[in-house]
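Where a number appears in this text, it was derived from the coordinates with a stated rule and is not lab data. Worth saying up front: this structure is predicted, and the values here are computed from it rather than measured. Cβ placement follows ideal geometry from the backbone for every residue including glycine, while neighbour counts extend to all protein chains displayed.
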2 protein chains.
Amino acid sequence: MVKKMKKDIEQYGLALAKNSKKAAQIVRVLPLEIRNRVLLLAAKKLRQEVPAILKANAKDIESSINLISEAMIDRLTLSPDSIEAMAKGVEEIAAFDDPLNKVLEEKTLDNGMTLSRVAVPIGSVFFIYESRPNVTIDGAALCFKSGNAVILRGGKESIHSSTLLANIFRSALKENDIDENAVQLVNTPDRSLMTNLLQMTAYIDLVIPRGGENLIKTVVEQSRIPVIKHFNGICHIYIDKSADMTKVAPILVNAKTQRVGVCNAMECVLINRDIDDKAVEAFIAPLREKGVEMLGDAEAQKRVPGVQDIGEDSNYHREYLALKMNVKFVEDAADACEHIEKYSSRHTDAIIAEDQAIQDYFVKNVDSSSVMVNASTRFADGGEYGLGAEVGISTDKLHARGPMGVESLCTYKWVLRGNGQIRS
Amino acid sequence: MVKKMKKDIEQYGLALAKNSKKAAQIVRVLPLEIRNRVLLLAAKKLRQEVPAILKANAKDIESSINLISEAMIDRLTLSPDSIEAMAKGVEEIAAFDDPLNKVLEEKTLDNGMTLSRVAVPIGSVFFIYESRPNVTIDGAALCFKSGNAVILRGGKESIHSSTLLANIFRSALKENDIDENAVQLVNTPDRSLMTNLLQMTAYIDLVIPRGGENLIKTVVEQSRIPVIKHFNGICHIYIDKSADMTKVAPILVNAKTQRVGVCNAMECVLINRDIDDKAVEAFIAPLREKGVEMLGDAEAQKRVPGVQDIGEDSNYHREYLALKMNVKFVEDAADACEHIEKYSSRHTDAIIAEDQAIQDYFVKNVDSSSVMVNASTRFADGGEYGLGAEVGISTDKLHARGPMGVESLCTYKWVLRGNGQIRS
């Protein structure tokens with residue numbers, strides 16, 4: 001019995017992967033006009049199907065209530081407004097410039113040939129995400145706009161909503177006579193299916209996992225396919241002694257408390273030792289008033305009232321995603337960079353300083369995907385960077401780094417046009 | 001005893017990886033001027049050490065003779081000329097524009113902040129290659145120029161030459177007061193060390209394997225670190241009925257015979273069925289005269305004298321790297337693209353055609369890193385593309401595709417400069 005199921009899952013996985021590869025061959029050559037027509041139709045259908053979507057979503061919520069956290073229920077829940085936002089998001093993606101067929105580089109070689117480097121789709125993308133039904137539509141729309149086929153695997157709690165949303169997108173494909181398998185949704189939360197798909201190097205070109213640390217670690221361990229990770233954000237803000245002190249409190253409060261459960265929230269403030277206690281208190285007090293718990297070493301406990309013992313150094317690695325943060329005093333920008341090198345997740349780190357040389361030192365020495373000068377870490381975001389909707393925020397260094405827009409779903413090919421040239 | 005050795009190797013691997021990460025932090029911020037100074041000194045030292053290099057190389061050849069193929073001995077062997085070429089290569093790399101700190105994109109956001117995307121090094125690179133001592137110097141110079149630290153692992157047959165060459169580069173680093181561990185050479189061919197290093201995600205950012213199919217498969221299976229593969233080249237040339245027949249024979253002969261053992265050599269010719277026997281014979285005869293063996297299905301055997309039975313269809317997957325090739329007749333460009341989709345390694349594929357619409361169809365539908373129109377597949381090469389020395393030819397789709405120059409050893413970071421902005 002178990003053996004039979006395992007075989008079924010294997011066959012289902014292989015079918016998904018093969019279908020995706022086949023569909024990828026079709027969508028990679030679709031003209032922009034047709035891709036946009038599908039997107040606009042999908043947006044229209046989303047608006048038409050509001051009642052059905054809400055009904056499917058209610059089913060998901062009903063089965064999950066009391067089983068998952070309130071924050072997760074919140075992410076899972078759709079409303080007429082959030083469905084309208086989804087439809088608008090798809091229309092915005094339709095309005096994007098075409099990321100495909102762009103000539104990225106072009107030159108004439110000495111032997112008279114023309115060489116160009118042209119943007120092309122990656123192929124088939126396996127997109128793994130949380131129980132957020134709206135990401136189903138974002139993922140489908142972004143991959144399709146960039147000429148990729150996608151296999152979507154949402155969290156199990158959102159299965160009814162996500163299935164319906166994927167089917168709405170598929171019907172927009174079908175009505176335009178395009179292989180519906182350009183967008184497929186995995187119909188089972190079975191982990192063995194995921195494991196299976198992660199071996200399919202012949203059919204799948206890229207895996208993008210989002211979600212919890214354990215899920216991402218599992219994906220990286222199991223995958224034979226290249227992975228771009230949206231990992232956690234252990235973001236730091238260093239306050240230099242040259243800082244304009246009027247800027248510090250607003251930035252810290254924004255970075256820590258404006259939205260707590262997000263990857264670009266600050267988790268640790270690094271304070272230059274030369275800043276006096278009164279100035280420190282001036283930017284710490286507003287955080288305390290917001291209810292932020294603070295942890296630190298002996299020095300931090302001595303200098304900042306209310307700081308609790310951080311315990312093990314490994315706690316500097318923690319991503320609290322809560323009204324909680326670490327406080328540490330450092331000697332200078334070099335010392336701050338050293339701490340960041342050791343504990344940052346290379347997502348986003350910031351400096352508050354007026355001294356230009358110190359700003360530059362920090363920007364150059366911090367090896368994170370986003371480095372902020374005199375601004376909140378919360379700005380690390382595809383929308384803020386003008387990329388339109390984002391697939392995620394890459395904490396990897398290869399291919400795409402930081403907020404990933406539609407261009408990060410493209411690669412390139414070299415095209416060499418000659419007139420019979422041979423190599424000597 | 002075995003256990004002790006295993007532990008030694010683990011410790012050695014960890015030391016290599018930690019050293020590399022530490023050196024990466026230093027070299028990533030070195031000014032161009034210093035990086036070039038090191039390169040020029042390394043070139044000078046190579047010239048000074050010709051006798052010692054030849055002596056080390058003689059040791060390698062002596063231990064390998066009769067154990068490896070003549071072609072491999074040929075790749076292993078250095079001469080005063082090839083050492084001079086190495087020195088010149090390093091000087092050329094010194095003359096390259098700086099791939100680092102380039103502003104790839106820059107804009108002012110609505111809230112007044114400036115956002116830029118800046119080229120930065122990847123970090124620590126683990127470069128695995130064949131028994132070609134000159135690649136030691138290429139790898140060291142390209143990684144150092146691009147601000148990366150590198151762990152080099154050459155084939156075991158070249159251990160004496162490669163060790164000396166790496167040490168020459170290291171002495172150029174040392175004389176400039178730069179951490180020598182920016183360039184490290186693995187001192188043992190032990191596979192368990194490689195396996196070990198491939199797990200070190202905390203210290204190594206990228207793995208570039210070159211070499212045999214099995215080695216690369218092993219690396220992909222074992223690595224938890226992102227890999228860019230230089231895999232095999234199963235390159236096709238499709239001859240359309242619109243081809244200028246005077247161009248066909250020279251291109252085919254060049255692509256198949258100019259250098260036989262290379263990845264951009266042609267392995268299969270696809271011939272449009274409508275081309276008559278006489279025209280076919282006109283371009284096949286010169287290949288036959290060069291001693292090229294030909295294999296094909298019943299149709300190819302019937303239409304082309306001397307074609308042997310190819311047997312299983314899976315033989316279309318073969319990379320011969322010899323005076324041997326497959327011949328197949330196809331209905332049209334679409335049929336050719338279908339064959340290529342199925343059997344190509346996505347390295348380089350070419351069309352010979354005068355009809356522009358058919359050229360465009362082929363360029364768009366062939367999903368290979370290089371697509372050639374009316375030119376030999378042999379042009380797929382970093383030197384030919386004007387990239388300077390190349391790290392390899394990526395058969396992957398992510399990050400870098402096709403010939404990989406020094407820019408493919410860089411990634412980017414986003415830098416956001418504000419004036420106290422917070423997110424609303």
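Here is how the numbers come out for the structure above:
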read-out: Sum of side-chain charges, B:VAL260 neighbourhood, beta-carbon under 12 Å (Lys, Arg +1; Asp, Glu -1); value: +2
read-out: Shape category assigned to the stretch B:159-222 from the gyration tensor of Cα positions, a/c cut at 1.5; value: prolate
read-out: Cβ-based charge dipole, the stretch A:235-384, positive-most Cα from A:LEU321, A:ASN272, A:GLN356; value: A:LEU321
read-out: Shielding score for A:362-371, defined as the mean number of other chain Cβ atoms within 10 Å; value: 5
read-out: HN-Hα J in Hz across the stretch A:267-281 - Karplus 6.51, -1.76, 1.60, θ = phi - 60°, x for Gly and Pro; value: 10, 8, 9, 10, 10, 5, 4, 6, 6, 6, 4, 5, 5, 4, 4
read-out: Cα-derived Rg over Rh, computed across the stretch B:117-236 with Rh taken as Kirkwood radius; value: 0.97
read-out: Simple Cβ-charge dipole of chain A, Lys/Arg +1 and Asp/Glu -1, about Cα centre, in debye nearest 20; value: 2140 debye
read-out: Helix-derived mean residue ellipticity, 222 nm - over chain B, DSSP H n ≥ 4, -39500 (n - 2.57), to 500; value: -13500 deg cm²/dmol
read-out: Against the rule of thumb 2.2 N^0.38 Å, how large the Cα Rg of the stretch B:235-384 comes out; value: 0.92
read-out: Value of D in µm² per second that Stokes-Einstein yields for the stretch B:336-387, Kirkwood Rh from Cα pairs, at 4 °C (1.567 mPa s); value: 113 µm²/s
read-out: C-alpha center-to-center spacing [the stretch B:360-393, the stretch A:197-258] in angstrom; value: 35 Å
read-out: Residues A:LEU104 and A:LYS156, FRET efficiency given R0 of 41 Å [Cβ-Cβ distance, rounded to 0.05]; value: 0.55
read-out: Average partner coverage of A:177-189, which counts Cβ from other chains inside 10 Å; value: 0
read-out: Under 5 Å, built H, 5+ apart or other chain: amide partners of A:PHE329; value: A:ILE271, A:ALA300
read-out: Label distances, nm, B:THR246 versus same residue in remaining copies, Cβ-directed 7 Å point; value: 7.8
read-out: HN-Hα J in Hz across the stretch A:188-193 - Karplus 6.51, -1.76, 1.60, θ = phi - 60°, x for Gly and Pro; value: 9, x, 3, 5, 5, 5
read-out: Tensor-based shape of the stretch A:366-424 (alpha-carbon gyration tensor, a/c under 1.5 rounded, otherwise prolate or oblate); value: prolate
read-out: Where N is the number of residues in chain A, Cα Rg divided by 2.2 N^0.38 Å; value: 1.10
read-out: Copy-to-copy label separations for B:GLU33, where each label sits 7 Å from Cα toward Cβ, in nm and ascending; value: 5.7
read-out: Per the axis that maps chain A onto chain B, nearest residue of A (Cβ criterion) and its distance in Å; value: A:HIS399, 2
read-out: Helix axis angle, B:333-343 relative to chain B longest principal axis, alpha carbon, degrees; value: 50 degrees
read-out: Nearest-ten-degree value, helix B:245-257 long axis tilted from longest Cα axis of chain B; value: 50 degrees
read-out: Highest to lowest packing among B:110-118, B:416-424, scored as the average C-beta count within 10 Å; value: B:416-424, B:110-118
read-out: For B:LYS290, inter-copy label distances in nm, listed shortest first [label point 7 Å out on the Cα-Cβ vector]; value: 6.9
read-out: Gyration tensor verdict on the protein assembly as shown (Cα atoms; rounded if a/c is under 1.5, prolate if a/b is larger than b/c, oblate otherwise); value: oblate
read-out: Peptide-level mean, for A:379-390, of C-beta atoms on other protein chains within 10 Å; value: 3
read-out: Under 5 Å, built H, 5+ apart or other chain: amide partners of B:VAL150; value: B:VAL125, B:VAL183, B:GLN184
read-out: Trypsin sites (Lys or Arg not before Pro) lying in DSSP loop within the stretch A:289-383, provided at most 15 other Cβ fall within 10 Å; value: A:LYS290
read-out: The stretch B:235-384, dipole about Cα centre (Lys/Arg Cβ +1, Asp/Glu Cβ -1), debye to the nearest 20; value: 560 debye
read-out: Chain lengthening between A:GLN258 and A:ALA322 when straightened (0.36 nm per residue, less Cα-Cα); value: 21.9 nm
read-out: Overall dimensions of the stretch B:270-346 by Cα: Rg and Dmax, Å; value: 12.2, 31
read-out: FRET efficiency for A:GLU338 and B:ASP97, using Cβ-Cβ distance with R0 set to 41 Å, rounded to 0.05; value: 0.85
